[in-house]
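Accompanying notes for the structure given below.
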Amino acid sequence: MSTPEQEFIPQMRPLFGAEEKAELLSYLDEDGFFTEFKKTELFERQIAEFTGAKHCIVVNNGTVSLTLAALALGLGPGDEVIVPNYTMIATPNSVKMLGAVPVFVDVEPETLVLDLKQTRAAITPRTKAIMLVSANGRAPACGIAAFEALSRETGVPLIEDAAQSLGSCYADGRHIGRAGVLGSFSFSAPKIISTGQGGALITDDDDLAAKLRRLKDFGRAAGGTDVHDSVGYNFKFTELQACVGVAQMRKLPERVRRKKEIWRRYQEGLAGLPQIQLFAHDLSLCTPWFIDCKVERRDELVPYLKSRGIGTRTMYPPIHSQKAYGLSGSYPVAEEVGARGLWLPSMIQLSDPQIARICAEIARFFA
Ligand SMILES: Cc1ncc(COP(=O)(O)O)c(C=O)c1O
């Protein structure tokens, strides 16, 4: 039997428990249709209340939610969408699916959020949206108001890809995702709460919310009818996912607290090591979803930690140079993160002794 000292610590693992099980079992006793209905509505209300948004519309994942946002804003083939070059590849792919053209822009070195000046420079008459990704729950260092002003001035709408930001706010107290015309979240397995797969859009705009509901339900004018005033698709949720989501949402405030505590403990544990720098977080606003850092000798540290039973994950490479896009160009910040960025174990169930063990192993490696 392995001792706790030897147990493998994965970089991330979702956590479900008795509460999710109880919700699922009680739903199974209801003889429901499984497809989205009352539990899904409850899950949507919980997200709307938590974020302060007027409307929440859940869909099957956090990529489709971005595609749906772009569709609702009328984007189509040839339209340009500004996206950060440091993000999960789902951000550009979500609009590529519509034949739109992702235009990659470098990110701020301290937050890894879109660089405002370079975003402005990338706007052309064909630009139809800016996808602002709040990397790991961080707001742009220049302030979200600067992006809102750019959007007003140019007439280019902001779509917020807040997939990594549930539990994080802007300096003015608004939840991230509320500054754009639409904010998008993901509930994939590694997120702060998960439904296995799942996504959500939030907005305060009644018409846009109604449009999104039609778009995700075959363009139906009303639920349960076969009258279609517009073309729509099937991006619906299921009650089984919603059962899990409802239980996870109840745990969210405690998870927000613990995620901040985990980050604080890493910060203390790694403070004396100049070879590793955590990306900074203002914990009064931001909930670090993953522990992200830049390290020296990453390619040696990763296998060393693995040999010591510690999982890590290298941060996203710059997207322009991935085979999927194969573009040239210079993006110094995204390239540096691609070469030196590392996610340390970040799961919610990480214990304090495990964090101490990870920090000690990193210190041993650099000693
Ligand atoms: C920034 C960002 N956007 C979009 C997505 C896609 O979400 P999903 O996996 O739910 O499709 C992710 C998922 O990790 C993400 O981190």
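The values are calculated or read from the model by the stated rules, or taken from the named source; none is laboratory data. On a predicted model such as this, the values are computed, not experimentally measured, just so you know. Here the Cβ positions follow ideal geometry from the backbone for every residue, glycine too, while neighbour counts run over all protein chains shown.
Outside any loop (DSSP other than H, G, I, E, B), over 22 Å from THR203 (Cβ atoms) and away from the ligand (no atom under 16 Å from the Cβ): is that true of LEU25 in this structure? So LEU25 passes the test.
Selection within segment 321-367: residues that are under 25 Å from ALA189 (Cα atoms) and of a type in the set (Val, Ile, Thr). The member of this set that is surrounded by the fewest Cβ atoms within 10 Å (Cβ to Cβ) is ILE348.
For segment 77-176, the helices (runs of 4 or more DSSP H) that sit wholly inside it and include 2 or more residues that are of a type outside the set (Asp, Glu) and touching a residue at least 60 places away in the same chain (Cβ under 8 Å) are 90-96.
On the given criteria, is LEU212 at pLDDT 95 or above, away from the ligand (no atom under 13 Å from the Cβ) and under 21 Å from the mean Cα position of the chain (by Cα)? Criteria met by LEU212. Does GLN354 count as out of contact with any strand residue (DSSP E or B) (no Cβ under 6 Å at 6 or more places or on another chain), touching a residue at least 24 places away in the same chain (Cβ under 8 Å) and among the polar types (S, T, N, Q)? Criteria not met by GLN354. Only one of the listed residues (GLY167, GLY177, GLY155, GLY196) is surrounded by fewer than 20 Cβ atoms within 10 Å (Cβ to Cβ), modelled with pLDDT of 95 or more and closer than 22 Å to ALA90 by Cα. That residue is GLY196.
Residue-wise test of (1) within 11 Å of the ligand (Cβ to nearest atom); (2) crowded, with 24+ Cβ neighbours inside 10 Å; (3) β-branched (Val, Ile, Thr).
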position: ASN60; (1), (2), (3): yes, no, no
position: THR63; (1), (2), (3): yes, no, yes
position: LEU73; (1), (2), (3): no, no, no
position: ASP79; (1), (2), (3): no, no, no
position: PRO84; (1), (2), (3): yes, yes, no
position: ILE89; (1), (2), (3): yes, no, yes
position: SER94; (1), (2), (3): yes, yes, no
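Scanning segment 96-125 for residues that are away from the ligand (no atom under 16 Å from the Cβ) and closer than 17 Å to VAL64 by Cα gives GLY99, VAL101. Of all residues in segment 182-209, none satisfies the criterion of being assigned to a helix (DSSP H, G or I) and either touching an Asp or Glu at 6+ places or on another chain (Cβ under 9 Å) or within 13 Å of the ligand (Cβ to nearest atom) (or both).
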